[in-house]
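Student: Okay, handing you the structure first.
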Protein chains: 2
Amino acid sequence: MTPINHKKFEEVTLSTESIFQGKIISLQVDTVRLPNGNIATREIVKHPGAVAVLAIVDDRMLVVEQYRKPLERNQIEIPAGKLDAGEDPLDAAKRELEEETGYSCDTLKLISSFYTSPGFADEIIHLYVAEQLIKGEAHLDEDEFLDVESITLDQAQQYMREGRISDAKTITAVYAWQVYKLTGSF
Amino acid sequence: MTPINHKKFEEVTLSTESIFQGKIISLQVDTVRLPNGNIATREIVKHPGAVAVLAIVDDRMLVVEQYRKPLERNQIEIPAGKLDAGEDPLDAAKRELEEETGYSCDTLKLISSFYTSPGFADEIIHLYVAEQLIKGEAHLDEDEFLDVESITLDQAQQYMREGRISDAKTITAVYAWQVYKLTGSF
(Lines give C-alpha, C1' and ligand atoms only; values in the text may rest on other atoms or scores of the structure.)
Protein backbone atom coordinates (compact mmCIF):
# COMPACT_ATOMS: atom_id res chain seq x y z
CA MET A 1 0.00 0.00 0.00
CA THR A 2 1.37 3.41 -0.96
CA PRO A 3 1.63 5.71 2.04
CA ILE A 4 -0.65 8.74 1.84
CA ASN A 5 1.24 11.83 0.73
CA HIS A 6 -0.37 14.73 2.58
CA LYS A 7 2.03 17.18 0.91
CA LYS A 8 1.55 16.14 -2.70
CA PHE A 9 0.47 19.61 -3.84
CA GLU A 10 2.49 21.50 -1.23
CA GLU A 11 2.67 25.28 -1.49
CA VAL A 12 6.06 26.27 -0.08
CA THR A 13 6.07 29.40 2.07
CA LEU A 14 8.55 31.99 0.78
CA SER A 15 7.57 34.78 3.18
CA THR A 16 4.86 35.69 5.68
CA GLU A 17 3.48 39.18 6.23
CA SER A 18 1.62 39.71 9.49
CA ILE A 19 -1.36 42.02 8.83
CA PHE A 20 -3.35 42.03 12.06
CA GLN A 21 -3.27 40.60 15.57
CA GLY A 22 -6.70 40.82 17.18
CA LYS A 23 -8.30 39.58 20.37
CA ILE A 24 -9.76 36.54 18.60
CA ILE A 25 -8.26 36.18 15.15
CA SER A 26 -5.08 37.20 13.39
CA LEU A 27 -4.46 37.67 9.69
CA GLN A 28 -1.35 37.02 7.60
CA VAL A 29 -0.55 36.94 3.90
CA ASP A 30 1.85 34.21 2.81
CA THR A 31 3.76 34.33 -0.44
CA VAL A 32 4.06 30.77 -1.74
CA ARG A 33 5.68 28.78 -4.52
CA LEU A 34 3.14 26.57 -6.28
CA PRO A 35 3.90 23.04 -7.56
CA ASN A 36 4.46 24.50 -11.08
CA GLY A 37 6.98 27.03 -9.77
CA ASN A 38 4.63 30.01 -10.05
CA ILE A 39 4.38 32.46 -7.18
CA ALA A 40 1.05 33.24 -5.46
CA THR A 41 -0.26 34.76 -2.24
CA ARG A 42 -2.52 33.19 0.37
CA GLU A 43 -4.67 35.18 2.83
CA ILE A 44 -4.79 33.20 6.07
CA VAL A 45 -6.88 33.78 9.20
CA LYS A 46 -5.52 32.17 12.37
CA HIS A 47 -8.04 31.18 15.03
CA PRO A 48 -7.52 29.46 18.42
CA GLY A 49 -10.05 26.69 17.67
CA ALA A 50 -13.45 26.09 19.20
CA VAL A 51 -15.76 23.50 20.72
CA ALA A 52 -19.47 22.81 20.28
CA VAL A 53 -21.86 20.45 22.06
CA LEU A 54 -24.88 18.50 20.86
CA ALA A 55 -26.56 18.29 24.29
CA ILE A 56 -29.63 16.07 24.41
CA VAL A 57 -32.13 16.35 27.29
CA ASP A 58 -35.32 14.27 27.15
CA ASP A 59 -34.94 13.78 23.39
CA ARG A 60 -34.55 17.54 22.82
CA MET A 61 -31.36 19.39 21.89
CA LEU A 62 -30.22 22.47 23.77
CA VAL A 63 -29.74 25.55 21.61
CA VAL A 64 -28.84 29.15 22.31
CA GLU A 65 -30.06 32.20 20.44
CA GLN A 66 -27.54 35.03 20.18
CA TYR A 67 -26.58 37.96 17.97
CA ARG A 68 -23.97 37.26 15.31
CA LYS A 69 -22.44 40.55 14.31
CA PRO A 70 -21.00 39.34 10.96
CA LEU A 71 -24.56 38.37 9.92
CA GLU A 72 -26.30 41.34 11.67
CA ARG A 73 -28.99 39.07 13.10
CA ASN A 74 -29.73 36.52 15.78
CA GLN A 75 -28.92 32.89 15.09
CA ILE A 76 -29.95 29.69 16.85
CA GLU A 77 -26.94 27.45 17.42
CA ILE A 78 -25.76 24.65 19.66
CA PRO A 79 -23.69 25.78 22.69
CA ALA A 80 -20.17 26.60 21.56
CA GLY A 81 -17.16 28.74 22.24
CA LYS A 82 -13.50 29.36 21.63
CA LEU A 83 -10.69 27.45 23.30
CA ASP A 84 -8.83 29.38 25.96
CA ALA A 85 -5.05 29.39 25.55
CA GLY A 86 -3.70 25.89 26.23
CA GLU A 87 -7.14 24.55 27.11
CA ASP A 88 -8.04 20.93 26.42
CA PRO A 89 -11.00 20.76 24.00
CA LEU A 90 -12.95 18.38 26.24
CA ASP A 91 -12.57 20.75 29.21
CA ALA A 92 -13.60 23.67 27.00
CA ALA A 93 -16.71 21.81 25.83
CA LYS A 94 -17.77 21.10 29.43
CA ARG A 95 -17.08 24.71 30.39
CA GLU A 96 -19.01 26.27 27.50
CA LEU A 97 -21.98 23.94 27.96
CA GLU A 98 -22.21 24.85 31.64
CA GLU A 99 -21.63 28.60 31.18
CA GLU A 100 -24.20 28.98 28.41
CA THR A 101 -26.91 26.53 29.47
CA GLY A 102 -26.29 25.64 33.12
CA TYR A 103 -26.23 21.95 32.26
CA SER A 104 -23.17 19.88 33.12
CA CYS A 105 -22.04 16.51 31.80
CA ASP A 106 -19.10 14.28 32.77
CA THR A 107 -19.32 11.94 29.81
CA LEU A 108 -18.96 14.07 26.68
CA LYS A 109 -18.00 12.08 23.59
CA LEU A 110 -16.28 13.48 20.52
CA ILE A 111 -18.39 13.14 17.33
CA SER A 112 -15.90 14.78 14.98
CA SER A 113 -13.44 17.63 14.59
CA PHE A 114 -13.69 19.73 11.44
CA TYR A 115 -12.22 22.80 9.80
CA THR A 116 -14.84 25.42 9.07
CA SER A 117 -13.15 27.23 6.14
CA PRO A 118 -9.93 25.47 5.11
CA GLY A 119 -9.49 27.78 2.12
CA PHE A 120 -8.72 30.84 4.23
CA ALA A 121 -8.76 29.91 7.94
CA ASP A 122 -7.30 27.31 10.30
CA GLU A 123 -10.30 27.32 12.65
CA ILE A 124 -11.15 23.82 13.89
CA ILE A 125 -14.31 22.93 15.79
CA HIS A 126 -14.44 19.89 18.05
CA LEU A 127 -18.05 18.67 18.17
CA TYR A 128 -19.10 16.63 21.21
CA VAL A 129 -22.32 14.89 22.22
CA ALA A 130 -23.63 15.03 25.80
CA GLU A 131 -26.48 12.76 26.85
CA GLN A 132 -26.35 12.40 30.64
CA LEU A 133 -26.94 15.97 31.73
CA ILE A 134 -27.33 17.51 35.17
CA LYS A 135 -29.34 20.74 35.40
CA GLY A 136 -27.77 23.80 37.03
CA GLU A 137 -27.58 27.54 36.59
CA ALA A 138 -26.10 29.30 33.55
CA HIS A 139 -23.43 31.86 34.38
CA LEU A 140 -22.84 34.16 31.44
CA ASP A 141 -20.19 36.84 31.22
CA GLU A 142 -21.47 40.34 31.84
CA ASP A 143 -21.25 41.11 28.13
CA GLU A 144 -22.77 37.85 26.88
CA PHE A 145 -26.44 37.83 25.85
CA LEU A 146 -28.36 34.75 24.82
CA ASP A 147 -31.54 32.74 25.32
CA VAL A 148 -31.47 28.99 25.92
CA GLU A 149 -34.17 26.67 24.67
CA SER A 150 -34.55 22.97 23.92
CA ILE A 151 -36.03 21.75 20.65
CA THR A 152 -37.02 18.45 19.07
CA LEU A 153 -35.38 17.07 15.94
CA ASP A 154 -38.48 18.11 13.95
CA GLN A 155 -38.18 21.66 15.27
CA ALA A 156 -34.46 21.75 14.47
CA GLN A 157 -35.19 20.70 10.89
CA GLN A 158 -37.95 23.32 10.67
CA TYR A 159 -35.52 25.97 11.95
CA MET A 160 -33.05 24.86 9.26
CA ARG A 161 -35.71 25.32 6.57
CA GLU A 162 -36.51 28.78 7.97
CA GLY A 163 -32.83 29.78 8.13
CA ARG A 164 -32.97 30.40 11.88
CA ILE A 165 -30.46 27.55 12.18
CA SER A 166 -27.91 28.14 9.44
CA ASP A 167 -24.39 27.57 10.68
CA ALA A 168 -22.16 24.64 9.80
CA LYS A 169 -21.63 23.22 13.30
CA THR A 170 -25.33 23.21 14.21
CA ILE A 171 -26.39 21.71 10.88
CA THR A 172 -23.70 19.04 11.30
CA ALA A 173 -25.01 18.35 14.81
CA VAL A 174 -28.62 18.06 13.59
CA TYR A 175 -27.59 15.60 10.86
CA ALA A 176 -25.47 13.64 13.34
CA TRP A 177 -28.41 13.44 15.74
CA GLN A 178 -30.73 12.29 12.95
CA VAL A 179 -28.23 9.60 11.90
CA TYR A 180 -27.87 8.54 15.55
CA LYS A 181 -31.64 8.16 15.87
CA LEU A 182 -31.80 6.18 12.61
CA THR A 183 -28.76 3.93 13.09
CA GLY A 184 -27.81 4.01 16.79
CA SER A 185 -24.36 5.48 16.12
CA PHE A 186 -22.79 8.72 15.00
CA MET B 1 -48.00 34.06 17.44
CA THR B 2 -45.27 36.50 18.38
CA PRO B 3 -43.20 37.51 15.35
CA ILE B 4 -39.59 36.37 15.53
CA ASN B 5 -37.28 39.18 16.57
CA HIS B 6 -34.03 38.60 14.72
CA LYS B 7 -32.50 41.68 16.35
CA LYS B 8 -33.31 40.93 20.00
CA PHE B 9 -29.68 41.06 21.09
CA GLU B 10 -28.57 43.56 18.46
CA GLU B 11 -25.06 45.00 18.68
CA VAL B 12 -25.27 48.51 17.25
CA THR B 13 -22.33 49.56 15.07
CA LEU B 14 -20.72 52.77 16.33
CA SER B 15 -17.77 52.76 13.91
CA THR B 16 -16.03 50.50 11.41
CA GLU B 17 -12.26 50.35 10.85
CA SER B 18 -11.17 48.74 7.60
CA ILE B 19 -8.00 46.72 8.25
CA PHE B 20 -7.34 44.80 5.03
CA GLN B 21 -8.74 44.37 1.53
CA GLY B 22 -7.40 41.20 -0.06
CA LYS B 23 -8.05 39.25 -3.22
CA ILE B 24 -10.43 36.89 -1.44
CA ILE B 25 -11.25 38.22 2.02
CA SER B 26 -11.34 41.57 3.74
CA LEU B 27 -11.08 42.33 7.44
CA GLN B 28 -12.71 45.05 9.51
CA VAL B 29 -13.02 45.82 13.20
CA ASP B 30 -16.39 47.19 14.30
CA THR B 31 -16.91 49.05 17.55
CA VAL B 32 -20.36 48.15 18.87
CA ARG B 33 -22.76 49.03 21.66
CA LEU B 34 -23.98 45.91 23.46
CA PRO B 35 -27.55 45.46 24.78
CA ASN B 36 -26.36 46.49 28.28
CA GLY B 37 -24.82 49.71 26.95
CA ASN B 38 -21.22 48.49 27.20
CA ILE B 39 -18.84 49.05 24.29
CA ALA B 40 -16.99 46.17 22.59
CA THR B 41 -15.15 45.42 19.37
CA ARG B 42 -15.90 42.74 16.77
CA GLU B 43 -13.32 41.36 14.32
CA ILE B 44 -15.17 40.56 11.09
CA VAL B 45 -13.93 38.76 7.97
CA LYS B 46 -15.91 39.49 4.81
CA HIS B 47 -16.03 36.76 2.17
CA PRO B 48 -17.84 36.63 -1.21
CA GLY B 49 -19.60 33.35 -0.43
CA ALA B 50 -19.05 29.92 -1.92
CA VAL B 51 -20.72 26.87 -3.41
CA ALA B 52 -20.14 23.14 -2.95
CA VAL B 53 -21.58 20.10 -4.70
CA LEU B 54 -22.42 16.61 -3.48
CA ALA B 55 -22.06 14.93 -6.88
CA ILE B 56 -23.14 11.29 -6.97
CA VAL B 57 -22.06 9.02 -9.83
CA ASP B 58 -22.96 5.31 -9.67
CA ASP B 59 -23.52 5.54 -5.90
CA ARG B 60 -20.10 7.17 -5.37
CA MET B 61 -19.41 10.79 -4.47
CA LEU B 62 -16.91 12.88 -6.38
CA VAL B 63 -14.15 14.37 -4.25
CA VAL B 64 -11.06 16.42 -4.97
CA GLU B 65 -7.75 16.30 -3.13
CA GLN B 66 -5.92 19.61 -2.90
CA TYR B 67 -3.47 21.50 -0.72
CA ARG B 68 -4.98 23.76 1.94
CA LYS B 69 -2.38 26.30 2.92
CA PRO B 70 -3.98 27.29 6.25
CA LEU B 71 -3.71 23.62 7.33
CA GLU B 72 -0.36 22.95 5.57
CA ARG B 73 -1.59 19.65 4.16
CA ASN B 74 -3.77 18.08 1.50
CA GLN B 75 -7.45 17.64 2.22
CA ILE B 76 -10.14 15.60 0.48
CA GLU B 77 -13.25 17.68 -0.09
CA ILE B 78 -16.30 17.85 -2.31
CA PRO B 79 -15.94 20.15 -5.35
CA ALA B 80 -16.33 23.75 -4.25
CA GLY B 81 -15.32 27.30 -4.98
CA LYS B 82 -15.96 30.95 -4.38
CA LEU B 83 -18.70 32.96 -6.05
CA ASP B 84 -17.51 35.34 -8.73
CA ALA B 85 -18.76 38.91 -8.35
CA GLY B 86 -22.52 39.00 -9.03
CA GLU B 87 -22.63 35.30 -9.88
CA ASP B 88 -25.75 33.26 -9.15
CA PRO B 89 -24.89 30.43 -6.71
CA LEU B 90 -26.51 27.78 -8.92
CA ASP B 91 -24.42 28.90 -11.91
CA ALA B 92 -21.31 28.92 -9.72
CA ALA B 93 -22.02 25.38 -8.51
CA LYS B 94 -22.36 24.11 -12.11
CA ARG B 95 -19.19 25.95 -13.09
CA GLU B 96 -17.06 24.69 -10.19
CA LEU B 97 -18.27 21.11 -10.63
CA GLU B 98 -17.35 21.17 -14.30
CA GLU B 99 -14.01 22.97 -13.88
CA GLU B 100 -12.78 20.69 -11.09
CA THR B 101 -14.19 17.30 -12.13
CA GLY B 102 -15.26 17.56 -15.78
CA TYR B 103 -18.77 16.40 -14.89
CA SER B 104 -21.74 18.58 -15.75
CA CYS B 105 -25.28 18.56 -14.42
CA ASP B 106 -28.37 20.58 -15.36
CA THR B 107 -30.49 19.58 -12.39
CA LEU B 108 -28.58 20.66 -9.30
CA LYS B 109 -30.76 20.93 -6.20
CA LEU B 110 -29.99 23.04 -3.13
CA ILE B 111 -29.60 20.97 0.05
CA SER B 112 -28.88 23.87 2.39
CA SER B 113 -26.99 27.15 2.75
CA PHE B 114 -24.92 27.64 5.87
CA TYR B 115 -22.51 30.06 7.48
CA THR B 116 -19.17 28.47 8.22
CA SER B 117 -18.01 30.68 11.12
CA PRO B 118 -20.73 33.14 12.14
CA GLY B 119 -18.68 34.35 15.12
CA PHE B 120 -16.07 36.09 12.98
CA ALA B 121 -16.94 35.71 9.27
CA ASP B 122 -19.90 36.20 6.93
CA GLU B 123 -18.91 33.36 4.58
CA ILE B 124 -21.93 31.38 3.39
CA ILE B 125 -21.72 28.08 1.50
CA HIS B 126 -24.56 26.94 -0.74
CA LEU B 127 -24.50 23.12 -0.82
CA TYR B 128 -26.08 21.42 -3.84
CA VAL B 129 -26.66 17.80 -4.81
CA ALA B 130 -26.12 16.58 -8.38
CA GLU B 131 -27.32 13.15 -9.41
CA GLN B 132 -27.73 13.13 -13.20
CA LEU B 133 -24.15 13.75 -14.31
CA ILE B 134 -22.58 13.86 -17.75
CA LYS B 135 -18.89 13.03 -17.99
CA GLY B 136 -16.52 15.52 -19.65
CA GLU B 137 -13.06 16.95 -19.22
CA ALA B 138 -11.89 18.96 -16.22
CA HIS B 139 -10.36 22.33 -17.08
CA LEU B 140 -8.37 23.68 -14.17
CA ASP B 141 -6.72 27.07 -13.98
CA GLU B 142 -3.00 27.01 -14.64
CA ASP B 143 -2.31 27.52 -10.93
CA GLU B 144 -4.87 24.99 -9.66
CA PHE B 145 -3.66 21.53 -8.60
CA LEU B 146 -5.94 18.72 -7.56
CA ASP B 147 -6.77 15.05 -8.00
CA VAL B 148 -10.34 13.85 -8.57
CA GLU B 149 -11.62 10.54 -7.29
CA SER B 150 -14.99 8.97 -6.52
CA ILE B 151 -15.63 7.20 -3.23
CA THR B 152 -18.40 5.17 -1.63
CA LEU B 153 -20.23 6.27 1.53
CA ASP B 154 -18.21 3.72 3.51
CA GLN B 155 -14.96 5.17 2.17
CA ALA B 156 -16.12 8.70 2.94
CA GLN B 157 -16.86 7.70 6.52
CA GLN B 158 -13.46 5.97 6.75
CA TYR B 159 -11.77 9.14 5.44
CA MET B 160 -13.62 11.11 8.13
CA ARG B 161 -12.30 8.78 10.82
CA GLU B 162 -8.77 9.17 9.39
CA GLY B 163 -9.06 12.96 9.22
CA ARG B 164 -8.45 13.02 5.46
CA ILE B 165 -11.97 14.44 5.17
CA SER B 166 -12.24 17.06 7.90
CA ASP B 167 -13.96 20.16 6.64
CA ALA B 168 -17.46 21.31 7.53
CA LYS B 169 -19.00 21.31 4.03
CA THR B 170 -17.78 17.81 3.15
CA ILE B 171 -18.82 16.34 6.50
CA THR B 172 -22.23 17.98 6.08
CA ALA B 173 -22.47 16.48 2.58
CA VAL B 174 -21.53 12.99 3.83
CA TYR B 175 -24.17 13.17 6.57
CA ALA B 176 -26.74 14.49 4.09
CA TRP B 177 -25.96 11.64 1.71
CA GLN B 178 -26.26 9.08 4.52
CA VAL B 179 -29.63 10.54 5.57
CA TYR B 180 -30.77 10.49 1.93
CA LYS B 181 -29.88 6.82 1.64
CA LEU B 182 -31.67 6.03 4.90
CA THR B 183 -34.80 8.14 4.42
CA GLY B 184 -35.06 9.04 0.73
CA SER B 185 -34.81 12.79 1.37
CA PHE B 186 -32.26 15.36 2.47
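Student: Take every residue in peptide A:57-66, count the Cβ atoms of other chains within 10 Å of its Cβ, and give the average of those counts.
Tutor: On the way: counts 0, 0, 0, 0, 0, 0, 0, 0, 5, 4.
Mean shielding by partner chains, rounded to a whole number: 1.
Student: A further question follows. Please tell me the relative contact order of region B:44-186 in percent, rounded to the nearest whole number, where contacts are Cα pairs under 8 Å and at least six residues apart. Mind dumping the intermediate values first?
Tutor: Details: 273 pairs, mean separation 43.1, N = 143.
That works out to 30 percent.
Student: Let me ask something else. Size of the dipole of the protein assembly as shown about the Cα centre, Lys and Arg at +1 and Asp and Glu at -1 on the beta carbon, nothing else charged, in debye to 20? All intermediate terms of the calculation are to be shown ahead of the outcome.
Tutor: Numbers: 38 positive and 64 negative charges, 59 e Å.
Its charge dipole is roughly 280 debye.
Student: Quick check: Cα centre of region A:1-67 to Cα centre of region B:28-102, how many Å?
Tutor: Centre-to-centre (Cα) distance: 12 Å.
Student: Hey, another quick one. Find which of B:GLY163, A:TRP177, B:VAL12 sits farthest along the positive direction of the dipole of the protein assembly as shown, computed with +1 on the beta-carbon of Lys and Arg, -1 on that of Asp and Glu, about the Cα centre.
Tutor: Selected residue: A:TRP177.
Student: Place a +1 charge on the Cβ of each Lys and Arg in chain B and a -1 charge on the Cβ of each Asp and Glu, then give the dipole magnitude about the Cα centre in debye, rounded to the nearest 20.
Tutor: On the way: 19 positive and 32 negative charges, 192 e Å.
Charge dipole, chain B, about its Cα centre: 920 debye, nearest 20.
Student: Under the definition of partner shielding as Cβ atoms of other protein chains within 10 Å of a residue Cβ, what is the mean value for peptide B:8-20? Provide the component values of the computation, followed by the final result.
Tutor: Working: counts 8, 10, 6, 6, 0, 2, 0, 0, 0, 0, 0, 4, 5.
Rounded to a whole number, the mean comes out at 3.
Student: Grab the other residues whose beta carbon is less than 11 angstrom from that of B:GLN155, score K and R as +1, D and E as -1, and report the net. Mind dumping the intermediate values first?
Tutor: Working: positive: B:ARG60, B:ARG161, B:ARG164; negative: B:GLU149, B:ASP154, B:GLU162.
Result for the local shell: 0.
Student: Can you give me the angle between helix A:153-162 and the longest principal axis of chain A, using Cα atoms only, in degrees from 0 to 90, rounded to the nearest 10?
Tutor: Roughly 50 degrees between the two axes.
Student: Using a 1.4 Å probe on the protein chains only, how many percent of the accessible area of region A:81-135 belongs to carbon and sulfur? Mind showing how you got there, number by number?
Tutor: Working: 1070 of 2310 Å².
Of all accessible area on region A:81-135, carbon and sulfur atoms account for 47 percent.
Student: Leaving out ligands and nucleic acids, and using a 1.4 Å probe, what accessible area per residue does the protein assembly as shown come to in Å²? Before the final figure, lay out each step's value.
Tutor: Details: 16470 Å² over 372 residues.
So the protein assembly as shown comes to 44 Å² accessible per residue, rounded to a whole number.
Student: Same structure again: In peptide A:160-170, how many Cβ atoms from other protein chains are near each Cβ within 10 Å, on average?
Tutor: Details: counts 3, 1, 1, 4, 2, 2, 6, 8, 15, 7, 3.
That works out to 5 on average.
Student: Something else about it: Can you tell me the orientation of helix A:168-183 relative to chain A, as the angle in degrees between its alpha-carbon axis and the longest Cα principal axis, to the nearest 10?
Tutor: 60 degrees
Student: Could you give the size of the charge dipole of region B:62-123 about its Cα centre, using +1 on the Cβ of each K and R and -1 on the Cβ of each D and E, expressed in debye and rounded to the nearest 20? Mind showing how you got there, number by number?
Tutor: On the way: 7 positive and 14 negative charges, 52 e Å.
So the magnitude is around 240 debye.
Student: Which whole-angstrom value gives the distance between the alpha carbon centres of region B:117-186 and region A:138-186?
Tutor: If you average the Cα positions of each part, the centres end up 21 Å apart.
Student: A further question on this structure: At 222 nm, what helix-only mean residue ellipticity would chain B give, in deg cm²/dmol to the nearest 500, using -39500 (n - 2.57) for each DSSP H run of four or more? Spell out each step's value before the answer.
Tutor: On the way: 3 runs with 39 residues, N = 186.
Theoretical 222 nm ellipticity from helices: -6500 deg cm²/dmol.
Student: Additional query: State, to one decimal in nm, how far the label point of A:GLN157 lies from the label point of A:ILE134, with both points 7 Å from Cα in the Cβ direction.
Tutor: About 3.5 nm separates the two model spin labels.
Student: As a test, work out the antiparallel percent of DSSP beta bridges whose residues both lie in chain B, rounded to the nearest 5. It would help to have the intermediate numbers written out before the result.
Tutor: Numbers: 38 of 45 bridges.
In chain B, DSSP labels about 85 percent of beta bridges as antiparallel.
Student: A further question follows. Which value, in square angstrom to the nearest 100, describes the accessible area buried between chains B and A on both sides, using a 1.4 angstrom probe? Please list the in-between numbers first.
Tutor: Values: alone 11470 and 11460 Å², together 16470 Å².
Chains B and A together bury approximately 6500 Å².
The values are calculated or read from the model by the stated rules, or taken from the named source; none is laboratory data. Predicted model only: the values in this text are computed from it and were never measured. Every residue, glycine among them, receives a Cβ derived from its backbone with ideal geometry; neighbour counts consider all protein chains shown. Ligands, DNA and RNA are excluded from the accessible area calculation, which covers all protein heavy atoms including side chains. Shrake-Rupley method; radii C 1.70, N 1.55, O 1.52, S 1.80 Å.
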